[in-house]
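Trainee: Can you read through this structure? Questions will come right after.
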Amino acid sequence: MCSLVKRTLLSALFSTLPLSFSSAAESSISSFLSFDPVSDSSGAQKESRLVFAHYFPAYSQMMNNMSPGEDYYDLHYLNPYGENSKFLNKGGLLRERPIARVPYNVSGTEWGTADAEFEVRQAAAIGLDGFTVNILSNTGGTWTRAMRIVEAAEKLGNFKIVIMPDMNAQFHPNKEPEAFIPTIRELSKSPAAFRLKDGRLVVAPYLAENFSPTWWKQTLDQLKAEGINVALMPLYQGWVSDLQQFKQQEPEAFQEYVIGVSDWGLRTPSGALNLLDDAGQAHDEGVWWMAPVAPQDARPKRSNFTEAGNSEAYRTLWESAINGGADWVQVITWNDYSESTQITPSTQTGYAFYDLTAYYIDWFKNQQQPEIKRDAMYAFYREHSTDTPLSGYVQSDSVNVVNGEAPRNEIELLAFLTTPATLAIEIDGTTYEQYADAGMTSFKIPLQEGRPVFRILRDNKVIQEMVGKTSINIHDAEDVLDLTYWGMSSLRHAEVQNQQYLSWPRKTNSAGRSSVELANSQSPFPRKSNALPDQLTFIAGQGENGFTYEFLPVSVDSATVISFDINLESRCIGRSTLVAKLTDGDKNSGIEIELCNNDKSSSELQNRTVNGDQAIPNSHMNSDQWYNIRIIVNPANSYTEKYEISVTKEDGTSVGYSNVVAKAKVQEISSLQFELESNARFNVPVKVDNFTVTSANQSL
């Protein structure tokens, strides 16, 4: 069984991105979770029970603005032969990547800025207070990506950046330690840089033990002389002796500068238990404790992995932080794919660790376990066993377990139940079951060959079911061995084979105050995508006023279904016309739908065809209600380029249908645009959710 091709194209729909932000994340994401997140209104002034995720700028959402399968991740990082076969003996540098998107149709490097804004929005949506940004260097690509994240956090406003200079990279004693002060000086200018209530700038250096306490005193004294007062939270690897050495050698500097301590931590279930007492030890030294939590650790570049026991290490690390009284938590990491510690939605782990993080963030911040409102299950397993042999044709280096925990080869179903139920895992014709009470239950079985199926049952009826993303191979030789844990979430929309990659909405005119934000509620229609809902706010008098979603050009060989849910918070005011257009790259319209037009005597939707305007029969749309608009492009078995348009209410009632001839060639259609054509007083939000593009073999 060869695993080379499969890995590069395992991507679901890409979530949409705002160009400005909303703080109403909780109600927008709750349908994806087993609980209703509790709002935190304390904002930027809060200093206790904060949660940050470690951002590693060696990687970003996309490494270049190319199509899925053709970008740098797929061509080089995931490909064993990438980068001139640099990591061929390791089977490639990485084993998975962020969920992909289509190229963003902008010039220059604007796509990188937009990617950073997307990542910040995605992190804020699950309750993260900010990123601890690893500053590897103050020049080059990692600096550019780090500064994009800083600038994106500035746009959000209440998302903070903890400066984490990497003392093992550019600032290492044998490299350029003199670059440390100018780097902190530059980063301190950002309003997103996290400061305590007293104004001190929080700096949390990684591997602070690379420098002596005296060096830290002298450096912080110099920054203080420049007016930059630092609150130091050093991160060590084995923190107790290093912190005590600082306290003993420089007691006055310790008292003045050191506010807390952290550690890179352990990633095994037994190691996680050992961190339970660390907060108390730190408090005894007079400082705060930032607890490390990490989902797993597998490093192809080093040919090793740490046994995490499926989700067990991650859950135990979180519960050690909660029960031990940690002041802050650092999730390690948001996006370090080289160590497989990422929680950001990715091709193999999916949304599993991301959604599980939201649960524990809520528990940590509110100091009580969230009440389960919706049944949910997560699945964690490897596609290969630790005993799976290598073929030797590609990867030649064997993979070793490190850090003391013996390998485990198991399949896990992690359930969150509103009431008791039976948990079931079926694989290769055998079903394993376990009764579970309400709440959280972990059910594991031995790893075995086949594709697992996960179920929740009550009264012998299947309540939820998930089919495993990948089959498990134990005995057949593999070209590339993958010992990372894959993940699945039952409340997330499963990957659909013919669903197309999308981009987020972008403003068609960068000028003006029009904005894309996170909507404060989701569509009531069944979930078709994992994207968060967008709120498009049109500001009158801004010239070209619109927003564009982009996708890959539709196929002429099959029908393409373009579907989206929409809510107009009020009707058009004055001489306003809001139009939804399917267009090609040159803005030639295939179809235009007037969503509202205050000049029309009719309140029906208007479809503009090549022969003029045509009302879509019975398509009256009320304000502040959700509707689904479905457009089928070039239905199957038809050689005429045409469109079918249907409009549906929340209750499933059809309120309009039209069948029209195209104005542009269907194979050139690649975007959906919302445009305000008349610059009157149309300053109300338009909510868009569940936007999908799907190829089909027949008209649906």
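Trainee: With the dipole of the stretch 132-266 worked out from charges on the C-beta (+1 for Lys and Arg, -1 for Asp and Glu) around the Cα centre, which of THR142, PRO234, GLN245 lies farthest toward the positive end?
Mentor: Highest projection toward the positive end goes to THR142.
Trainee: Related question: Can you give me the Rg/Rh ratio for the stretch 223-316, using Cα atoms for both radii and the Kirkwood formula for Rh? Can you show the working numbers first?
Mentor: Working: Rg = 16.1 Å, Rh = 14.9 Å.
For the stretch 223-316, the value is 1.08.
Trainee: What number comes out for the charge environment of ARG185, summing +1 per Lys or Arg and -1 per Asp or Glu over other residues with Cβ under 14 Å away?
Mentor: Surrounding charge for ARG185 is -1.
Trainee: Quick check on packing: order 82-90, 521-529, 50-58, 409-417 by the mean number of other C-beta atoms within 10 Å, highest mean leading. Please list the in-between numbers first.
Mentor: Values: 82-90: 15.4, 521-529: 17.7, 50-58: 24.7, 409-417: 22.7.
In descending order of packing, they fall as 50-58, 409-417, 521-529, 82-90.
Trainee: Kindly flag which residue pairs out of LYS86/LYS301; LYS507/LYS687; LYS581/LYS687; LYS155/LYS365; LYS217/LYS247 have an alpha-carbon separation exceeding 18 Å in this structure.
Mentor: In this structure, LYS155/LYS365 exceed 18 Å between Cα atoms.
Trainee: What is the spread of the Cα atoms of the stretch 109-248 along each of their three principal axes, largest first, in whole Å?
Mentor: Principal extents (largest minus smallest coordinate, Cα): 46, 32, 32 Å.
Trainee: Moving on to the next point. Please work out the Kirkwood hydrodynamic radius for the stretch 181-265, using every pair of different C-alpha atoms, and report it in angstroms with one decimal place.
Mentor: Averaging 1/r across every pair of different Cα atoms and inverting gives 13.1 Å.
Trainee: From the backbone phi of the stretch 645-650, what are the Karplus-calculated ³J(HN,Hα) couplings (6.51 cos²θ - 1.76 cosθ + 1.60, θ = phi - 60°) in whole Hz, Gly and Pro given as x?
Mentor: Whole-Hz 3J(HN,Hα) from phi for the stretch 645-650: 10, 10, 10, 10, 7, 4.
Trainee: Let me ask something else about it. What net charge do the residues around LYS197 carry, taking every other residue with its C-beta under 14 Å from that of LYS197, with Lys and Arg at +1 and Asp and Glu at -1?
Mentor: +2
Trainee: Can you give the net charge of the other residues whose Cβ lies under 12 Å from the Cβ of GLY450, counting K and R as +1 and D and E as -1?
Mentor: Residues near GLY450 contribute -3 overall.
Trainee: Could you calculate, for the stretch 290-380, the ratio of the Cα radius of gyration to the Kirkwood radius, expressed as Rg to Rh?
Mentor: Numbers: Rg = 13.4 Å, Rh = 13.8 Å.
Rg/Rh: 0.97.
Trainee: Going highest first, how would you order 425-434, 112-121 by mean Cβ packing within 10 Å?
Mentor: Ranked by mean Cβ neighbours within 10 Å, highest first: 112-121, 425-434.
Rule-based calculations on the coordinates, nothing more; no lab input. Since the model is a prediction, treat every value here as computed from it, not as a measurement. Cβ coordinates were reconstructed from backbone atoms using ideal geometry, including for glycine residues, and neighbour counts include every protein chain displayed.
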